[in-house]
Amino acid sequence: MVSQEKIISYVESLIYYIAKPAMSEQIAASFEIDSLPQADTGAQLLILGALLTTGRFDEFSQLAGKLDFSAHTAEERSQLAHCIFTTFSETLLANYATSSRHAAAILELLTAISPEAILAHRSGCESPAGHALIELDYARQISPSVSGAVFSRENSFGPGSRKSEFGYRILSSLASQGWNVALLPLKELFSYTTPCRQDFVLVDVGLFWKLPPLEQLHELLAYLKRHFRKIIIFEPDPWTGFYDELLRSIADRVDYIWGFTPDWELTQDPCYRGKSIMFPNVGGFEQLAPPHRHELDWNSCSFNFTGSVQGYNLNRVYWILEAIRRNLPLEVQITNPGVDDGLDCESSLKLYIRKLLSSHASLNLATRKDGSRMLTGRAVEVISLNRLLIQEWCPALRRYYVEGEHFLEFKEIEGLATSIHFLESHPRVAQTICSQGHQFYLERYSCRKMVEHIQTLL
């Protein structure tokens, strides 16, 4: 087992000579590549750092190709690759125009360390049998007298992480249509009281993080049923499935589960058939975005990727480093939901919205390190802001939108590069697809349509 301290020491070995160019020259000039595979990992990384510092990329590539990390577990290799990328990402992004060779070198090293995670996108790209768009029912009019409560986690990943936005976004959407809804932390579930029975309660599946005994959970749901006509458990994480067995055990006490991706297997389980809400919007950004959000000039087309790079989606480093290596005009802004940004939920969301609005088109990456593809919230968020979505292949998104009509899709780096270069030369095509996607969103998935749909279930 490799400790976190050992992984950090590996990274420190790699960057040791970067601030010592004279020493790097001496080390790089004296090493013999045939003897390096016998050295320990730390020594190998020291040499790689010297080669990178002195721009000896061919030798760097030769040595990286000879490295053997098979003695380490897949998780250890994934952690090391993530730590190396994080160390170099700010430098690479700050010097985007001059970092092509460096990005290629780092990508080669990360591929040698953790190929199964970095190259996960290369497998399973065959399109499955087509599925029709999901059909949803909507109420003709929204009743203004509906009341309820939303109980949501307070942080994205526990203490010290960024404030969770899901509860706030759902509340904003419901309240924007006149519903009387309260937003409360999960810890108040056990003491909530109301003078009269309300229409619904939405409970974040994060309730199950610190599992109470099943008997106590049944008592809690029975208690909630006395105060609310409908109990809805919502799963805000697109990587659903972690709590499926527990949700099956309480199916008879829950009225609905709400997931945001149509490939959540639990929704096809007999105990939840007819009790599953499939709606891709946890709360759109219409009411949060500034009024000037449509004012970009479409005579040119700009591109961005805004999102996190974590161990579970390590494959994203491939796309980012390849974009730098190929000098694609893609602005990259890496976020970190695992660290509190010090902002309240609304301020943090508005900062994120401004980042998405800064470009005509946004890239969304869907692959996890196990090769599975997840429908992430950014797909709908970009379209809701009247921006063009360029989406890594993700079959689930095709259940909500039509590829080529509402968004553009790619499967490999050549496809991404071709799309970007085409849209640079044909910005009016980009504008047309963007407008069609946004109009489709307003017709089916906006905050208003979300409330209309939920009302049919109440």
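Laboratory data are not the source of any read-out in this text; all were calculated from the coordinates shown. Being a predicted model, the structure only gives us computed values, none of them experimental. Neighbour counts are summed over all protein chains in view; Cβ atoms, including those assigned to glycine, are modelled from backbone coordinates with ideal geometry.
Points to keep in mind about this one:
- 14 Å Cα-Cα reach of Lys350 towards aspartates and glutamates, excluding residues that sit fewer than 8 places from it in its own chain: Glu165, Glu286, Asp341, Glu381
- Protection-proxy order for peptides 167-177, 39-49, each taking the mean of Cβ atoms within 10 Å per residue, highest first: 167-177, 39-49
- When both region 416-458 and region 341-396 are represented by their alpha-carbon centers, they are found 13 Å apart.
- Looking at the chain, the DSSP beta bridges with both ends there are about 5 percent antiparallel.
- The lysine pair tally for region 147-283, using Cα distances under 23 Å and a gap of 8 or more places or different chains, is 8.
- When each of the peptides 217-224, 146-153 is scored by the mean number of other C-beta atoms lying within 10 Å of its residues, the order from highest to lowest reads 146-153, 217-224.
- Backbone N atoms of region 394-428 closer than 19 Å to the 7 Å Cα→Cβ label point of Glu265 belong to residues 395-397.
- Each Cα pair under 8 Å and six or more residues apart adds its separation to the average, and for the chain the resulting relative contact order is 17 percent.
- Distance between region 35-89 and region 15-32 - C-alpha centres, whole angstrom: 15 Å
- Gyration tensor verdict on region 147-283 (Cα atoms; rounded if a/c is under 1.5, prolate if a/b is larger than b/c, oblate otherwise): rounded
- Based on DSSP H segments of at least four residues, each scored -39500 (n - 2.57), the chain has a per-residue ellipticity at 222 nm of -12500 deg cm²/dmol.
- Cα long-axis angle, helix 166-176 against the chain (0 to 90 degrees, to the nearest 10): 40 degrees
- Paramagnetic reach from Ala94 (point 7 Å along Cα→Cβ, amide N under 20 Å) across region 324-353: 324-325, 330-336
- Spin-label model distance (nm) - Leu119 vs Tyr312, 7 Å beyond Cα toward Cβ: 2.6 nm
- Gyration tensor verdict on the chain (Cα atoms; rounded if a/c is under 1.5, prolate if a/b is larger than b/c, oblate otherwise): prolate
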